[in-house]
Protein chains: 2
Amino acid sequence: MARAPTTLDSFNAVAEPRRRQLLGLLSEGERPVNDIAESLGWNQPQVSKHLGVLLEVGLVKVRHAGRQRIYSLDAAPLKEIHQWTSTFERFWEHQLDRIKERAEARQALVRNRGNVPPGGAGES
Amino acid sequence: MARAPTTLDSFNAVAEPRRRQLLGLLSEGERPVNDIAESLGWNQPQVSKHLGVLLEVGLVKVRHAGRQRIYSLDAAPLKEIHQWTSTFERFWEHQLDRIKERAEARQALVRNRGNVPPGGAGES
DNA sequence: ATATAATATTCCCATATTGGAATATGTCAA
DNA sequence: TTGACATATTCCAATATGGGAATATTATAT
């Protein structure tokens, strides 16, 4: 089996740094393709291809204006990613606290027994 | 050029649903490989391979315990993803508000002119 | 109808993937 | 040392990628 297509979901679509860059640009406002190409310094087909992926997963919308296609951000699918990462928030939120706790535990040992366990901080 | 390797960053590592599942399991506590394989119903080499990717991007840690390797979650790298998606939070937070606003604008037009313009807001 | 501008699509290449099967490595016990 | 358990690695197939170059499509103006 191969890797899941980038058009499968927003997790895969957004794994590509250039597509994140593209979304960042569109967060400033809607834009036609050539504008984007010039702003980012990419060539036009590459822009169209990346926009195609983003379109398939619903991260952008298109509006036809004459011969231009105006692309705009539709960030809703990012909500799923945000929510998924949120379920792990507690693991990095209290990281510093836990480090502090360990340091304090070592301090207590120093005060009680007068020596420092391996890898620990010295006494005050 | 090919797609970026899954071991490049957490964005790529986490694009695979099975790896998200694995992280979810590890969020309940550290576990040896065979335990994971049994819990998820995967075969052992697959578990080792996915753990290898997660290890390379720093999403898990290993501890050797006899012939077992106990893997544990290290969610810190997910913070970057969380923060990136947060950048777009305002776009989905006020989405319902904006839909409501458009609906109200149409209602106002109906009251004023007695008809509804196609799909959008007309003159004031 | 024709030329031109704006965008999308196709073809190609080098590379990486996931899963399965088989095998290798490492660690303990007797 | 030998055997058994726990885990990692290798080899394979099918598939998908992203970039470049060339080309096709679509829409406008004359």
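Computed from the coordinates by the stated procedures, all read-outs in this text should not be read as laboratory data. Please read all numbers here as calculations on a predicted model, not as lab measurements. We place every Cβ from the backbone using ideal geometry, glycine too, and count neighbours over all the protein chains shown.
Placing pseudo-labels 7 Å out from each Cα toward the beta carbon at residue A:76 and residue B:21 gives an inter-label distance of 2.8 nm. So, in Å, what gap is there between the alpha-carbon centers of the stretch B:29-88 and the stretch A:1-60? A separation of 29 Å, based on Cα centres. Here the residues A:16, B:56, ranked from fewest to most Cβ neighbours within 10 Å of their Cβ, fall in the order B:56, A:16. Across the identical copies, the 7 Å label point of residue B:92, projected outward along Cα→Cβ, sits 1.8 nm from its counterparts, in ascending order.
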